[in-house]
Structures are given as structure tokens and as C-alpha cells.
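Working notes, structure below.
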Amino acid sequence: MQITEAEKILFEQYTIKGKASKLPGELDANFKIKVDDKPTYILKIANENSSESELDFQEKILLHLSNSDKKTKLPQLIKNNSGSFISKVETEKSTFRKVRLLSWMEGRIWSGVNPQLNDLRFSLGLKAGEITKKLINFNDKEAERVFVWDIAQTSWVKEYLYLFSNEDKELVSYFLNQFNNFQKDYKKLRKSVVHNDVNDNNILVSEDVLNPIVTSIIDFGDAIKTQIINDVAITCCYAIMHHNDPLEASLSIIKGYHSTFKLEEKELEFLYTLIGIRLVVSVTKSAINKKENPNNTYLLISEKSAWELLKKWKTVSEDFAHYSFRNACGFSANPNQLKFENWARKQDFSLAELFPTINKNKIEQLDLSVSSSWIGHQKEFNNLDLFQFKIEQLQKEVPTKIIAGGYLEPRSLYTSTSYDKVGNYGKESRTIHLGVDFWLPENTPVYALFDGEVVIADNNSSDKDYGGFIILKHQQKEFHFYTLYGHNTAESVLKHRTGDKIKKGAQIAVLANYPENGNWAPHLHFQVFLSMLDYKNDFPGVAYFNQIDVWKSICPNPNLLFKVTGFKENLIDNSDEILNQRKAHLGKGMSLQYKKPLHIVRGLDQCLIDYSGRKYLDTVNNVAHVGHENFEVVKAGQKQMAVLNTNTRYLHENINHLAKEILETLPKEISVLHFVNSGSEANELALRMVKTVTNSEEIIASEIGYHGNTNATVNISSYKFDGKGGKGTPKNTHVFPIPNAFRGKYRGENTADKYANEVQLLIDNIHQKNKKVGGFIIEPIISCGGQVELPEGFLEKTYQKVKKAGGICISDEVQTGVGRMGTTFWGFQLHNVIPDIVTIGKPLGNGHPIAAVACTKEVAEKFGNGMEFFNTFGGNPVSCAIATQVLQTVKNNNLQENALIVGDYLKAELLKLSEEFPIIGDVRGQGLFLGFELVNKDLQPLTKKTNYLINRMKDFGILMSSDGPDNNVLKIKPPIIFSKKDAKEVIFYLKLVFKENFMNLTKI
């Protein structure tokens, strides 16, 4: 039907003048009606085959829902000129069509909302459940009609299996067979009239892009009386498309539905298959429509997405999905959990029965959690000889106990990629240990605690998992459960065959040593579980953190059997307690990152790891220059700390070794070093040198520069004294405009002279006051100012002016030095200048407090005027050993070259992103010292979008931060071991977030 005809019907039937535009629809012709340029109505012109009883049925539903709750936002039926809700009109093609007019519902269609997060999906389930609750007592004979979109009537699909290829036919047939197998019990489930078509075009979402909620569900054309759980399945189907983990995405919907309409445990048993069946109906209808109506694109709109989801859904364990649904509704995830726990409480087993040759019943808990200091560095843990030695030493300390632990322990020790997947929020690793470990000598025999049947006896040491392992099934009166015994010799477990009966007290295995036991020190992994799920030849001993509520129901605590004191839970998030203590006792100026602060307990290379074992890719921590907890650096510090740590009043070769390493990277003119503890101290000392050498305290510094946290360095840091809490420019500090060619005072190309002249104006002003120029300080790339690259030629021209005026030039390399620039080792080397003083800080110690001031011999001679310079800890042997190792690591591992290669790649990819997303106004920096600035078309800062981007990237496991006076510059200063793979991951998720609704709003 044409738009003009729709507008004519609108006027003739309702006396409304409006402009019509077409909306999608499978059968009906739908039109949005604008009155006075505002969406006001939706005109629905039914298919000629639509019966009046169907439309009456929909009318009754809307009226029933409106009457049951006036607060419910639903489209209102508009009466025609005759006072009826349905008009019968003759079209231009001489066919009679039925027409309805409904009020327009404001909101966004679900498919246009990005991102679709858990809170939004919860609100969808809540709204869908709300409608079901209001329809529970609604009845109408039309609701009993025959309808192909009723899941309960899916048997018709079998007639169309010929439309599918063999692989697709097999997939469709799988769910059809599952559906057919449970018909007897399925037919007994509760029925009601339900919406039956909560798809992405029928869901309206609020305009609030930061905290959106579902405001309404429209179009009751598919409403029917059917099993209520069918409506839950349909609601899930369309809302979990396009997610890496559709099961996880479904759970918040189910929680929301259950919160307003209580689902029954029995209904949840069928939900997994019913979701699959709805998808089967969808792809079958698409296949039919493709054949019969190849030009109707609306009919095929969800075909690709439905197939993708159907294939993903088939890979989900049906039992695990069922348990997850139960958990989402507040039931015990595994239906037999309480039965097992009640049974276990009445039992009286001892560890001596499991290891009768050891005859010990007490344990000493061994902490292998992600935050454990006992395990040391990950490389130490992976040194099996060292680990076994530590176990033996611990055993000597507790000779009457068995070393044990592990249940629900978050571990970061699993390095195999088989423990990783990409979920809905970035990378996920299986980190939560589901069993307990008993560390015992090699060849310790293991005995059965109770009668059982062998389910699996296998050897998978090549997979570095359990080694030789055996799983027994134990049948009780009302339930059964399984026990797993891992890390045994292959010979001892392969004596058993599937189906063998094992008697209580029988020997079932012998503990193996590495490498036979899966490359672990000798121990038994003992695990209890209540379901085999879909596993045939194995069973996981480690789980994903976001699934842990389900897994701990499937795998109850083995200590329920032994009842041994000493087992403590390690999976405890005490973030709130830490935060509260911090607020109570630490200064308010010590800020935290992110809306919800992270509880970080371990570092590893370019990652930080939280208490649950989740890894976060770190793009901002330039302190961990050669990687978090770099093994060689850690060992260098530990080795020297065990021997001597004292001050520089004694001779020690370490300080000379470090001096040699540093000076080899600097121009020959810079040949004298002083060691301190931090970048702030380094700049403080540099200012002392300036004052001593020039007899002047007049310092020229950049706007929005930052040089430290001491009194003197804050006084030359515009970033501080011009910021919140600052008191303005001190009398001896002279600030020139930040030389930012993108959004500074002078913009575009060839700004070097203009900014250099600003420095000259300050020099002239100092002279006019009959004062001397003391010094000039700047970072070669201004960090806190927003990763600002200096205009080409600016630094060279400025140094000439300052030196001509008798001043000292300081290059603040606290953040830019030690190879980060890629093309050069130090930032000043980018600009063809030689400073008088170079200050070095953060990267030198890789997190250990050490810094240095390097200067010319002339400066050093004048500074050495008789007043002793002494720093208690500066240059101590431990700090020097660490810093020397950092420099050698940069050199030996070609990390400067890595910074160049990866930095150039990352910068190029960011520039490509800026073409696709114009709010990236500028990309700048060198090596792995990069920044990109978010601005609108008028170059105004987009601070809120920057903050949103940072927090969304954290959700995906990537840590980012902002800088600049408007906090609208994303800074990228990762450890310089950052790889191209890491860079690709950053770009991938940046692109995802830039496509989200909030990032595309033009008003913010």
C-alpha cells in the first residue's frame, strides 16, 4: 500500500491530517503518522486475510492491559469517526482491509540500542513478566487458534526439513527431536495468553543512553494461549543474538522475568530446548519465505542472526544452561545440591580413609590463590623442582598435617589458552579451582571412600591437566554424585575399566610425579560433582568466575565429607572493606581510578590481575616499564637485598654499574649523575642545581606541565597550581602557553616560532625586572597536558634563547625516557638538542623507587660548591641492581625497537579509527607514548565521552586513563613489552565502544 493512500484513509476514517512513512511488518502494512512534524500515531492496515476476530482479540488484550494497570505504558487504540476501534475500508485495488489507529509510543527500538547490557536485559525480562502476570486471567476463544509461531505447535517444521543442507538439517533435527522427546511432561506446564513475539522490533527502550530501560512491549498480533515458558524462550531469543556468550546474556532476562512473574522449577527444565525451537521456527520460516517471497527483505531480516545463535546455542551444555536458569531464579543451581549436603552432613569420613598409608587427619592450608605471596613469581611456580622443594620444606614444618587447599580458590597459575575464551565482556579465563589438592609424596596410594562405579579411567597428562585420573559414580537412594581423583600414575588408573565396581576401602590409584601427572608436583586433585554435564572423557577442575555460583552448586565443597578444620575460602571480595578503610584513614587527595575501583592483587607482564584472577590489559602503567613484576628485575632486587642494602657513603660497585649503563645512552656532554628516589626528587634536585649554578630562582615552564609533588616542583607545575586547589602562578615561575598545535594558542603547522617567541617574551620580562633567567623545564612530550608533541623546531629554538639568556635547560624524562620513544632512547633526542640537566624517574626502577639526575660536568662542578649532597636511599645497592637490570632488559630484549614497531602500528590504527569516528580529533605521540583527543566538530572537549570510553574499556578488560586540562585525551603508555597482538585487542574494543549510542550523541 502506498503512503498517499494511507494518508487518505487516515483523514477519511479519523479526520486526522498527518504525514505517513512506512514501517516494517511481516503481514500488515504499518505507517508512522506525524502530526505537526511529531510522531503521534501508528496506522495499521491489516492483511486482507486477517479475520475480524483476530483484531478483536488484540483489541481486547490492549484494553485488558490498560484497565489492569494505568501505569503500564502501552499503545492506546484510537476510535474512528464512527466510534469503533476497527475500520473496514476499500483500497485502491478494490480489496477490503481492516484498519486500526494506535497512539505512537516514544522510545528506541531494541535493535537500535547499543550496548545492550545486563541491566537493560533485566528490564526487558521484568517488562515481559509484567505483561504475562496481567494476562494470567485473560481468556478469549481466539487465543486457542492454530498458529505457526506458537512453539507448542512446532511439529509442522518437520515437513520443511528438505529446505536445509545436511549440516543445517542435522542442527534443526537435533532440537526437534529434543522437543518431541519431552512432549508428555511439557504439555502439563502452565498455560496463559502471552505476548509470544517479544522481538527486537517490538521492544521500546528509553532515550536515556547511559541507563536505558525497556519502557514498553508493543504489537500483540502474535498473542496466543500457550505454555508460559514459551514466552520466556521467545523473549530471550532475540535479545541474546549477537553475543559471544548467549547463555550469560539470557540470565539477566530470566532474572527480570522471574522478579515480576515467578517461574516454576519444572518449567526451567524445558527452557534450553524451547529457545532452540523458537530459533528453529525462525530459520524455517525464513527458508520458506526465501522461496516464496524472495523480494521481501523484512521476512528475512533475522535469518543470519538466528542461524548464528542456533549454532552457538547447540554448543551450550543443556544441563549447565538448566542449572544457570535455576540459579538466575534463586533456586539451587543443581536440583540435588541440598540432598547431597544433607546426606554429607550425616556422614563421617576421614582423610585417613582416603590415604590410609599416611594416616593423618589434619591439614595445613596452602594458599595458591592469585594474591598468594607463597607462590612467588609465576616463573618460580612453574619451576617444578623449586615448587616441590618448597612443599617439602613446608611439610617439615608441619609433619603431622597434610598440606591441602584449593576449593573455590582463584588461581592465575593456569597459562594454557585452553583456559581462555572471549565472553560478552572481553577475555575470560577459567581461574576458580573446583576441587581440593592434597600434596603428598610420589607413589602415595589413594583409596575409595565409598562404593562406586568407574565412569572414566584415563590418562591425559599430555594435556597438562589431570594426568592419570579416575571418576567414580556413587548411587544414593534419591540422587547420585561423582568423585574425581587426578594426577595419578597412568598404570594405576588404567587398571580400571568403565563399569567396574569399586568397593569402599579399595585402592584406586597411586600419585604420580611430574611430568606424568600433568606437570605438577605430586598431589591428589579430589573433586566432588553432582552432574557429568556433557563431558564424556574429562571433567573441568577449574571454572570461569562469572559462572561460579552455578559451579559451586554442581561441585560442592569436598570438605563436607571430611569436616576438617583449617580449610579457608580464598574467593572473598573484600573490596568494600578495603575502600571503607581507605576512606576513613587515607587522605582525600589520593584518588582512585574508575567508578567502581578495581581490587588488583598481582601483576604479570603487560597485565594486572584482580582478586578473582581476571587479567586486565594495562595501557597506562608506564612505571612497570619492562613489564609488571619482570622476573629478571625482581630477582636482581631480591638477590641484592639478601646481601646488602645501605647508603652511598660506602664503596659499592652497583652504583658504578648503573652509572655506566645510563651514561652509555646519553650524549658525551652529559656525564655526571646524582641518584635519588623519585622523579619528584630528581626535578627538585635539578631546581637546586639551577639556583646554585645561575644564582637565580626564575624558572620558565609550560602551561599544564607537571614535574612532581614536592613544594618546589608543584611551584613549577601549572597542572597543579592552575588546577583545582591550586593558588595560581608562584612569583618565581613564568608560564608560557602549552605548545599544542591542535588546540593551543597557536594552531596548525609552523607554530614553533610563535611558541618559542612566547618563551622569549618571558625572558624579556624577567630581564625587565632586573632578574636573571634561572632555568627552563619541559617534557619532550607533555604528558599531563595531554600527550602533546612539541612543534618541530620549537625545543631547539627555545634552548638557544634560554642558553643565550644564561639559563639552564632541563629535560624532564621522568615519563618519556628509557627507550619509550622508539626512535630514540630519550625524548630530548627527538628534537636535536642537548640539555644541561636530564631528570630520570618512573621507568628506571620498574616500580622500585629510584631516580637520577644527569648533568653536564660544568653544572656538576658549580653545584659541588662545598655543600654536601646526600640522599639516604638514593643510589643504594638494591635500587642500583634493579635499575641496572631494567636498562639491560631494555637493551638485551630490543624493547626500544619494540616500542617503535608496536607504537607505529598502534598510532596508524588510531589514525584509521579517527577517519571512521571524527570525534577522535587528534592522534599524537611517539613510540609507546601516545594520546588521542576526543572533541566535537567545534574542537570542544568531550570529557564525558572520554570518561565513558575509559569505563567501558575496563568492562572489556582493558585499562585506560585520561589526561589533559579537560580530561579528554586518552593516554597510551603501557609497559614497553606491549605487543602488536595487544595493540590489535585495544583497537578492536575501541571500535566496539565508539559504535555505542552514547559515543555517537552530538549533544554531549
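Some values worked out for this structure:
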{"quantity": "Residue tally, condition assigned to a loop (DSSP other than H, G, I, E, B) and buried (at least 21 other Cβ atoms within 10 Å of the Cβ), over the range 806-824", "calculated": "11"}
{"quantity": "Test: Val623 is over 22 Å from the mean Cα position of the chain (by Cα) and closer than 21 Å to Ile950 by Cβ", "calculated": "yes"}
{"quantity": "Residue match in the range 126-133 (condition: of a type in the set (S, T, N, Q), in contact with a Gly (Cβ under 8 Å, 6 or more places away or on another chain), surrounded by 19 or more Cβ atoms within 10 Å (Cβ to Cβ) and modelled with pLDDT of 95 or more)", "calculated": "no"}
{"quantity": "Residues located in the range 774-783, provided they are more than 45 Å from the chain's Cα centre (by Cα) and closer than 20 Å to Ile738 by Cβ", "calculated": "Gly775"}
{"quantity": "Where a residue in the range 335-350 is in contact (Cβ under 8 Å) with a residue 12 or more places away in the chain and closer than 16 Å to Val550 by Cβ and its partner, wherever it lies, is of a type outside the set (S, T, N, Q) and surrounded by fewer than 16 Cβ atoms within 10 Å (Cβ to Cβ), with Cβ under 6 Å and at least six apart", "calculated": "none"}
{"quantity": "Qualifying residue in the range 954-974 (condition: touching a residue at least 12 places away in the same chain (Cβ under 8 Å) and part of a helix (DSSP H, G or I))", "calculated": "yes"}
{"quantity": "Condition met for Thr284 (part of a strand (DSSP E or B) and either polar (S, T, N, Q) or buried (at least 23 other Cβ atoms within 10 Å of the Cβ) (or both))", "calculated": "no"}
{"quantity": "Counted residues, the range 836-877 - those being farther than 27 Å from Phe631 by Cα and either outside the structural domain of Lys660 (by TED's automatic domain parsing) or of a type in the set (Gly, Ala, Ser) (or both)", "calculated": "4"}
{"quantity": "Residue within the range 803-826 that is out of contact with any Ser or Thr (no Cβ under 9 Å at 6 or more places or on another chain), more than 28 Å from Lys754 (Cβ to Cβ), at pLDDT 95 or above and among the β-branched types (Val, Ile, Thr) present", "calculated": "no"}
{"quantity": "Matching entry among Glu796, Glu758 (being of a type in the set (D, E, K, R) and touching a helix residue (DSSP H, G or I) at 6+ places or on another chain (Cβ under 8 Å))", "calculated": "Glu796"}
{"quantity": "Leading residue by the ranking (surrounded by the most Cβ atoms within 10 Å (Cβ to Cβ)) among those in the range 237-258 that are polar (S, T, N, Q) and more than 16 Å from the chain's Cα centre (by Cα)", "calculated": "Ser250"}
{"quantity": "Check on Arg121, farther than 22 Å from Met1 by Cα, among the basic types (Lys, Arg), surrounded by 19 or more Cβ atoms within 10 Å (Cβ to Cβ) and touching a Ser or Thr at 6+ places or on another chain (Cβ under 8 Å)", "calculated": "yes"}
{"quantity": "Failed criterion for Ala509 (all others in (1) under 25 Å from Phe349 (Cβ atoms); (2) in contact (Cβ under 8 Å) with a residue 40 or more places away in the chain; (3) surrounded by fewer than 24 Cβ atoms within 10 Å (Cβ to Cβ); (4) in contact with a strand residue (DSSP E or B) (Cβ under 7 Å, 6 or more places away or on another chain) hold)", "calculated": "(3)"}
{"quantity": "Checking Asn289 against (1) assigned to a loop (DSSP other than H, G, I, E, B); (2) modelled with pLDDT under 95, the condition it does not meet", "calculated": "(1)"}
{"quantity": "Search result, residues across the range 644-692 that are surrounded by fewer than 18 Cβ atoms within 10 Å (Cβ to Cβ), under 24 Å from Thr816 (Cα atoms) and of a type in the set (Asp, Glu)", "calculated": "Glu664, Glu669"}
{"quantity": "Residue match in the range 341-359 (condition: surrounded by 14 or more Cβ atoms within 10 Å (Cβ to Cβ), touching a Phe, Trp or Tyr at 6+ places or on another chain (Cβ under 9 Å), within 30 Å of Asn519 (Cβ to Cβ) and of a type in the set (Asp, Glu))", "calculated": "yes"}
{"quantity": "The range 693-729: number of residues that are in a loop (DSSP other than H, G, I, E, B) and surrounded by 17 or more Cβ atoms within 10 Å (Cβ to Cβ)", "calculated": "12"}
{"quantity": "Residue within the range 942-951 that is part of a helix (DSSP H, G or I) and either over 16 Å from Val993 (Cα atoms) or among the aromatic types (Phe, Trp, Tyr) (or both) present", "calculated": "yes"}
{"quantity": "From the options Lys379, Lys362, residue that is modelled with pLDDT of 90 or more and among the basic types (Lys, Arg)", "calculated": "Lys362"}
{"quantity": "Output for the range 601-639, where each listed residue is over 22 Å from Val814 (Cα atoms), hydroxyl-bearing (Ser, Thr, Tyr) and touching a Pro at 6+ places or on another chain (Cβ under 7 Å)", "calculated": "Tyr611, Ser612"}
{"quantity": "Enumerated strands (runs of 3 or more DSSP E) restricted to the range 526-628, each holding at least 2 residues that are assigned by TED's automatic domain parsing to the domain that holds Asn846, of a type in the set (A, V, I, L, M, F, W, C) and free of Cβ contacts under 8 Å to residues at least 24 places away in the same chain", "calculated": "none"}
{"quantity": "Of all residues in the range 342-397 being part of a loop (DSSP other than H, G, I, E, B), of a type in the set (A, V, I, L, M) and under 41 Å from the mean Cα position of the chain (by Cα), the one that is farthest from Gln507 (Cα to Cα)", "calculated": "Val370"}
{"quantity": "Leading residue by the ranking (nearest to the chain's Cα centre (by Cα)) among those in the range 11-21 that are exposed (fewer than 15 other Cβ atoms within 10 Å of the Cβ) and either under 17 Å from Asn202 (Cβ atoms) or in contact (Cβ under 8 Å) with a residue 40 or more places away in the chain (or both)", "calculated": "Thr15"}
{"quantity": "Members of the range 868-899 that are among the hydrophobic types (A, V, I, L, M, F, W, C), in contact with a strand residue (DSSP E or B) (Cβ under 9 Å, 6 or more places away or on another chain) and part of a helix (DSSP H, G or I)", "calculated": "Cys880, Ala883, Ala899"}
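The values are calculated or read from the model by the stated rules, or taken from the named source; none is laboratory data. All values reported here derive from a predicted model rather than from experimental measurement. Cβ: placed from backbone, ideal geometry, glycine included. Neighbour counts: every protein chain shown.
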